[in-house]
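Trainee: Just dropping this structure here.
Here, each number is a calculation from the coordinates, and none is a lab measurement. On a predicted model such as this, the values are computed, not experimentally measured, just so you know. As a convention, Cβ positions derive from the backbone with ideal geometry for all residues, glycine included, and neighbour counts pool all protein chains shown.
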């Protein structure tokens, strides 16, 4: 009997093939098999006969919305920067999307990075992606040579061992706390829709850090980010980071130094997270791709919590309204605003 | 050459003995950084309590973090008008005391030799190299991501090491290869290895995968332009996200940029790691970028390692440690790139 | 300048007095239309306020990005004050409203990573509120003084290499 993911893979291949064959789309963004256990390759398929390489499994940790603006551009007829937009409709691109990725496509649409009419969303309900790091930590010191996936278990194989582990126990933190596994945009449905998951407090990890004292939080921050090598994998894996020139590359003024100085590294992560405020869907790509295993997701999660509590908004859930930081209300919170000046005076 | 046999305790005692009056570094046991500020990510100062056991495969970050540190301060200066030396660029006092790197693998040791080619006349690299003692651990087996044999190395190789330590049935055989290594081992009373043990090690070395670059050497003869124009780059560039995970953890990537940092009137000129994956890397002052597209940048990394570098120095700029294979967020596997390149006609 | 005078008086006694004579440095980003004019008025009207602020004139409080605030912290500022027009009075209609929207996110994030509450403040001062400006600067200065010198997120350039 085929597993859930095998069925989904089959369906993805069929749908992609049909879309490419009848010319609905010029390209499909999906995943193909990786060369190592627990890896997959983000792949752009442009011919219907290549659809056989598409796969779907629990290791699709990268957010495919990240590729969308560039692939959309690649299917347009080539033109110079000053040439007018070509007449008539432009070619479309299909992209696989789970709950969080589809919300990123909403954000990209709101920010005019993506033309929604040119995107065909192949909506897949996410069952939670597995954290390769969690598995490797569990098997520390032993080399994993193959991983076989079943619906609820993973079988981890090495040269001299074979162990079955529960799949959910190694699912990424962001997927474990996720409440919306089902895509918010669906043009072509892959598999069954999923219902909203109940989670009394998706911000538990953030709360734990907030409970600490200021000194403890500083200690956590400095140690967590101390191993950063500034490779910017977190930034580049993020579908929100599309600035042609990142603030870290500004030399005059130099907002952030480029070495491994602890302050510069800290500032880079703070600013990167802050730039995602109100836009981050907690897809976890940043954390998943970090070669050093840094949990930088805590910063964006904290911002997500504040945006939800202060402005009642979640990225990608209100496609019709502006993004939280591109609008304002007359009764916005004044927490950091010094207004007691008069009171001080009256007290004297 | 002196060869010694050590137990785990003797090995730990030896290393900890060195750390009494020297800086001794080892691959970090945990994920988080040790408390020593002078230590690069992925490494830690040898502490009294942690036994020196290493997981299979190379360390998380490569040995280049010691020889080509991120950053290297090249010059310092002050801009304070009260200082008579205002605006004078000064060369900082370089640390010259020995540092011992314990636990690097033969692939990393080989990378030092490769990086030495472009850095031959680089004073900063040479100063760091001169003060670094390398105590390597040979590999009893190759990991799935390792391909050092294809790149001209070998898991039991000793090239570039001062002392090579091999694990044999629960104990360790230390081969002292250089005068610096002899100096270090002379301080301690060690048991010389018996002939049978030396022979067993030689036998194992003979049976381990040997350097074999016959297959890849074909690339050296191929036409550069044909490889440059190959169709595979387009596919590769499309999935690459242009981060620096591969280049920064690569032991043989040595590109850098230079920048000035000034804070409160104190300044320094540093050189820090740069990556050909970044758009800024090749950006001209005019605004023109000869490698403006993602694909061009991805291509450059592989072409440099497999074509440009060999054209200039005769050797591939890769030691087959497999870090880029492991760390790549989108699973770009240099071994696949190599076989795809070999297939280009 | 008062700092130099005090130090020269006390440096004969003991070096531990360094902390007693410490005066915070506060970077104040003031919008050119309201708060800067308010600061001007405070000066013209001779309202006394602590000399701890270093003013950076900006076109609008909405222009003050997180890059600037963190840059100031990195350069060793003990406190930051961002001040703009009162809500509804912005010369660019709503720049200050956006600034207000962003303020708790950045403030909370900084507290989240262990920056003491009170290092970064925002305020509204109109061109006619010279006295209020002086009061706000007093409040902010006292608050930063109570926190002591900033020690976190400050970049140091090691001259030794």
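Trainee: On average, how many beta carbons from a partner chain sit within 10 Å of the beta carbon of a residue in B:323-334?
Mentor: That average works out to 6.
Trainee: Classify segment A:204-326: rounded, prolate or oblate, from the alpha-carbon gyration tensor (a ≥ b ≥ c, eigenvalue square roots; a/c under 1.5 rounded; otherwise prolate if a/b is larger than b/c)?
Mentor: Oblate, because a/c is 1.5 or more while a/b does not exceed b/c.
Trainee: Pop the C-beta distance of residue B:47 and residue A:70 into the FRET formula with R0 = 60 Å and round what comes out to the nearest 0.05.
Mentor: That pair, residue B:47 with residue A:70, gives E of 0.80.
Trainee: Shape call for segment C:57-96 from the C-alpha gyration tensor, a ≥ b ≥ c root eigenvalues: rounded (a/c under 1.5), prolate (a/b greater than b/c) or oblate?
Mentor: prolate
Trainee: What percent do you get for the relative contact order of segment A:193-348 when only Cα pairs under 8 Å and 6+ apart count?
Mentor: The normalised contact order for segment A:193-348 reaches 22 percent.
Trainee: Could you tell me the relative contact order of chain A? Use alpha-carbon pairs under 8 Å, at least six residues apart, and round to a whole percent.
Mentor: 16
Trainee: I would also like to ask the following. Would you give the gap between the C-alpha center of segment A:147-222 and the C-alpha center of segment B:209-263, rounded to a whole Å?
Mentor: Between the Cα centre of segment A:147-222 and that of segment B:209-263, the gap is 34 Å.
Trainee: Additional query: So if R0 is 56 Å, what FRET efficiency would residue B:168 and residue B:312 give, r being the distance between their Cβ atoms, rounded to the nearest 0.05?
Mentor: 0.90
Trainee: Here is a further query. What distance in nm separates the simple spin-label points at residue B:22 and residue A:112, each placed 7 Å from Cα in the Cβ direction?
Mentor: Taking the two extended label points, one gets 6.3 nm.
Trainee: Still on this structure, please answer the following. Calculate the mean, over all residues of peptide C:146-158, of how many other protein chain Cβ atoms lie within 10 angstrom of the residue's Cβ.
Mentor: Taking all residues of C:146-158 together, the mean is 5.
Trainee: Mind listing the Cα extents of the protein assembly as shown along all three principal axes, in Å, largest one first?
Mentor: 93, 81, 53
Trainee: Based on the Cα atoms of segment A:93-249, what semi-axes does the equivalent ellipsoid have, where each is the square root of 5 times one gyration tensor eigenvalue, given in whole Å with the largest first?
Mentor: 29, 26, 18
Trainee: Using the count of nearby Cβ atoms within 10 Å as a rough guide to exposure, how do A:297, B:297, A:167 rank from fewest to most?
Mentor: If I rank by nearby Cβ atoms, fewest first, I get A:167, B:297, A:297.
Trainee: How do B:26, A:197, A:79 rank when sorted from fewest to most other Cβ atoms within 10 Å of their own Cβ?
Mentor: Going from least to most buried by this count: A:79, A:197, B:26.
Trainee: By count of other Cβ within 10 Å, fewest leading, how are A:226, B:154 ordered?
Mentor: A:226, B:154
Trainee: Here is a further query. State whether chain A is rounded, prolate or oblate according to the following rule on the C-alpha gyration tensor (a ≥ b ≥ c being the square roots of its eigenvalues): a/c under 1.5 gives rounded; otherwise a/b larger than b/c gives prolate, and the remaining case gives oblate.
Mentor: oblate
Trainee: Moving to a separate point now. Please report Rg over Rh for segment A:1-142, where both radii come from the alpha carbon positions and Rh follows the Kirkwood definition.
Mentor: Radius of gyration relative to Kirkwood radius: 1.02.
Trainee: Can you give the helix-only mean residue ellipticity at 222 nm for the protein assembly as shown, where every DSSP H stretch with n ≥ 4 adds -39500 (n - 2.57) and the sum goes over all residues, rounded to the nearest 500 deg cm²/dmol?
Mentor: -9500 deg cm²/dmol
Trainee: Here's another thing I want to ask about it. Pick out which of C:28, C:127, C:146 has the largest mean-square fluctuation in a Gaussian network model of chain C, springs linking Cα atoms closer than 10 Å.
Mentor: Residue with maximal mean-square fluctuation among C:28, C:127, C:146: C:146.
Trainee: Starting from the Cα of residue A:168, step 7 Å along the direction of its Cβ; do the same at residue B:280; then give the gap between the two resulting points in nm.
Mentor: Label at residue A:168, label at residue B:280, 4.5 nm between them.
Trainee: To the nearest 0.05, how large is the calculated FRET efficiency for residue B:335 and residue B:178 if R₀ is 35 Å and r is the Cβ-Cβ distance?
Mentor: 0.60
Trainee: Across the residues of B:87-94, average count of Cβ atoms on other protein chains within 10 Å?
Mentor: Mean inter-chain Cβ contacts per residue within 10 Å come to 1.
Trainee: May I ask you to list the residues of segment B:318-345 whose amide nitrogen lies under 17 Å from a point 7 Å from Cα along the Cα→beta-carbon direction of residue A:46?
Mentor: Those under the cut-off are none; the list is empty.
Trainee: Could you check the simple spin-label distance between residue B:217 and residue B:140, using points 7 Å along Cα→Cβ, in nm with one decimal?
Mentor: The modelled label-to-label distance comes out at 3.3 nm.
Trainee: Using only alpha carbon pairs under 8 Å that are at least six residues apart, calculate the relative contact order of segment B:216-343 and give it in whole percent.
Mentor: Once normalised by length, the contact order is 32 percent.
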